[in-house]
1. Which one of the conditions (1) on the phi < 0 side of the Ramachandran plot; (2) outside any helix (DSSP H, G or I); (3) over 22 Å from the mean Cα position of the chain (by Cα) does C:GLN189 fail to meet, given that it meets all the rest?
2. Residues of the stretch C:105-134 being more than 19 Å from C:PHE251 (Cα to Cα) and either among the hydroxyl-bearing types (Ser, Thr, Tyr) or within 12 Å of chain A (Cβ to nearest Cβ) (or both), which ones?
3. What is the number of the single condition among (1) farther than 30 Å from B:GLN54 by Cβ; (2) buried (at least 24 other Cβ atoms within 10 Å of the Cβ); (3) over 16 Å from the mean Cα position of the chain (by Cα) that A:ALA53 does not meet?
4. With the condition kept exactly as written, say whether any residue in the stretch A:33-41 is under 16 Å from the mean Cα position of the chain (by Cα), in a helix (DSSP H, G or I), among the aromatic types (Phe, Trp, Tyr) and at the interface with chain C (Cβ under 10 Å from one of its Cβ atoms).
5. In the stretch C:265-282, is there at least one residue being part of a helix (DSSP H, G or I) and basic (Lys, Arg)?
6. Are any residues in the stretch C:193-236 at pLDDT 75 or above, among the small types (Gly, Ala, Ser) and surrounded by fewer than 24 Cβ atoms within 10 Å (Cβ to Cβ), and if so, which ones?
7. Within the stretch C:139-156, which residues are within 11 Å of chain A (Cβ to nearest Cβ), out of contact with any Ser or Thr (no Cβ under 9 Å at 6 or more places or on another chain) and aliphatic (A, V, I, L, M)?
8. What number of residues within the stretch A:1-11 are without any contact (Cβ under 8 Å) to a residue 24 or more places away in the chain and either assigned to a helix (DSSP H, G or I) or not β-branched (Val, Ile, Thr) (or both)?
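The values are calculated or read from the model by the stated rules, or taken from the named source; none is laboratory data. This structure is a prediction, so every number in the text was calculated from the model and none was measured. Quick reminder, even Gly has a Cβ in these numbers, built from the backbone with ideal geometry, and neighbours come from all protein chains shown.
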Amino acid sequence: MELTVESLVFLLFSLITLGGGLLVVTTRNLFHGALFLMLSLFGVAGLFVLLTAPFLAGIQVVVYIGAIAILIIFAIMLTPQVTTTQPTNSQWIAALVVAVVLFALLASVVTPILSELGAEGWGASFTEKNPPPVPEDSIVELGSAFVDPERFMLPFEVASILLMAALVGAVMLVRPTPDEEEDAAPPEVSERALVESQE
Amino acid sequence: MVPLYMYLLVAAGLFSIGLYGVLSRRNAIAILMSIELMLNAANINLVAFWRYGQPANVSGQAFAAFVFVVAAAEVAVGLALIINIYRRRRSVVAEDVDLLKW
Amino acid sequence: MTDFLIDIGFSRDLAVLVAKTLGVFALAMIGLVWTIFLIWVERKVAGRFQDRLGPNRAGPFGLVQSFADAIKIILKEDIMHSGVDRWVFNIAPLLSVMAVLLLWVVIPFTPTLIGVDLSIGVLYLFAVGSLSSVAILMAGWGSNNKFALMGAFRAVAQLISYEVPMALTMLVPVVLTGSMSTQDVVFGQHVWYVFAVPLTLLIFIIASMAELGRAPFDILEAESELVAGYQVEYSGFKFGLFYVGEFLHAFTVGVVMAVLFFGGWRGPFAEDVPLLGFFYLLIKSFIGYFVVLWIRMTVPRVRVDQMLDLGWKFLVPLSLVNLLVVALVWKIIPGTDTIDSFGDALVPSLVLLVVNIVMILGVGALLREQGRRDRQRLEAKRAALEPAEAAPASAGR
């Protein structure tokens, strides 16, 4: 791999992504884990920019970092067990083995390592270096693809229904039960005071 | 430009890290965070193939956008479930939710 | 700059990198130093609104006051109590200032001078704005103080509630221009968008003031009630950084308002003399900043549940309907695909203006109706109480 500014930037963002990911799964403190998740997702946004998909990079920052990660932090706060004595469960060694084996398998398939070592017919080494250029108005094209009945209008509408279902479902799931609402109700205030306060 | 397999390698690495997190963490929210890592790895894969394969066809970017939508919906409902479990059982450790185990 | 560097022997890549880095430094320095001037402006204007003079002792017209304040805050002791999460605590103010400085990258100062002409300029503005909520959460958590944490939650709830109307209103100039790049938005404003979609500007001002944490939405810091909300454990230079970030954000919102709605650098002879365009942008953003200060100094603080109600139950549906109506009208009017001059843009803008005025009147009528019903309900309650009140009073006598 030649040493250009672009490959250096790619290296930087890959390190941020993978390093953040590693820290997410190994840290003891959950809040730090959420912050490292934000770092890793920011690295992914950088990779999207390198891949000339600026719209997806912007959406990544808005949706993942600005909403999902904050939602995760809120959930961490609402379920306080932040510093656990033992972050990993009893089968972590098997998990490590599985993850490493999977990575080795995937790496052998996508990189040209195996064909260099002589084993033919196993990998589909994707050594494409000079991709065709991206058309200028790809964002406009993406927008019109989403509302084109012959392309992505149906998935777009189904996605919006899915989001509405998730919204309603999440709100219904965390509504306080009637007993909890009784406990949380404010103490009795006289009617007069209520009327006075609303003027 | 950077060869395609480097991006795929990064995506594979992120996916494996997320897999390790899902299988080995005790806290349910940590498991959810690892699932997010796996979804992001899939996204990197999609966009890399779109860029190096057929950048004129926006289906790659549209697919990735739909993955965003699904991830957001899943995280919202998943966290609502976890908060509910916490209210009833006072614990978010995944091993403690074992009423249906034999 | 790039050419000069290439001439003295740098390779092409390295020359671009060095030139861009110098540009980044220049923009960041100018942004931070400008804040000192802004603080002076704010204190003078606030003083005048409150019928007093503002600082006028340090230097002529009090101009040196901000420098004195900056020096004082740098020299203050930096208290880090026990139990504080060092990395998180220290990075939070930096992130807060970073989120504001990053906004300046896509502002078009003149027809040719812009940090980076991103094709997703408006989306970038919105994305970077959502980074400030991360900084607030880090500040609240790192302080190891449950009141700071609760303050941080309230602040983040307010910020994410008002991101939705802000995004929906920032999309309206994008619909009217057909491109998300900020330079294109300015180029497309042959008729300033404030004259075409005033309702959108109103919603944007309200949503931005809530995003800033400025009165009437300053329950975030509420100096007289909560001490300082999520910033309560910060002292010295770190608090100064939060302060700087907030003031610079207020001015940046004024600049963004000028770019999206008031035509940016547009004005007579702006294309021929770029410096004039920069001057126009400055004037327009100061007008926007002044409006923000004006509202801050005149309106009382809104309670946190009232603020959330306003955001979700009023502004979100209103901005959604606004976006839908504007998009629909823009599609129906013929000839809006190619607008190249003032004449082309006049008729569609007038139609949009009429539709907007109808919407404003409609919203006003709805609010009046709601207010009348609330008043009637209150009167009915008071009337129901009167006979009950009279009986015990006479019995007691």
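1. (3)
2. C:THR112, C:VAL116, C:ASP117, C:LEU118, C:SER119, C:ILE120, C:LEU123, C:VAL134
3. (1)
4. No, the stretch A:33-41 contains no residue that is under 16 Å from the mean Cα position of the chain (by Cα), in a helix (DSSP H, G or I), among the aromatic types (Phe, Trp, Tyr) and at the interface with chain C (Cβ under 10 Å from one of its Cβ atoms).
5. Within the stretch C:265-282 (the criterion being part of a helix (DSSP H, G or I) and basic (Lys, Arg)), the answer is no, since none of the residues qualifies.
6. If the condition is that a residue be at pLDDT 75 or above, among the small types (Gly, Ala, Ser) and surrounded by fewer than 24 Cβ atoms within 10 Å (Cβ to Cβ), then C:GLY213, C:SER235, C:GLY236 are the ones that fit.
7. The initial filter retains those residues of the stretch C:139-156 that are within 11 Å of chain A (Cβ to nearest Cβ), namely C:140-142, C:146, C:149-150, C:152-153, C:156.
Going one step further and asking which of them are out of contact with any Ser or Thr (no Cβ under 9 Å at 6 or more places or on another chain), we end up with C:140-142, C:146, C:150, C:153.
Once the filter is applied, which keeps residues that are within 11 Å of chain A (Cβ to nearest Cβ), out of contact with any Ser or Thr (no Cβ under 9 Å at 6 or more places or on another chain) and aliphatic (A, V, I, L, M), the stretch C:139-156 yields only C:MET150.
8. First, pick out the residues of the stretch A:1-11 that are without any contact (Cβ under 8 Å) to a residue 24 or more places away in the chain: A:1-5, A:7-8, A:11.
Those left that are additionally either assigned to a helix (DSSP H, G or I) or not β-branched (Val, Ile, Thr) (or both): A:1-3, A:5, A:7-8, A:11.
The total comes to 7.
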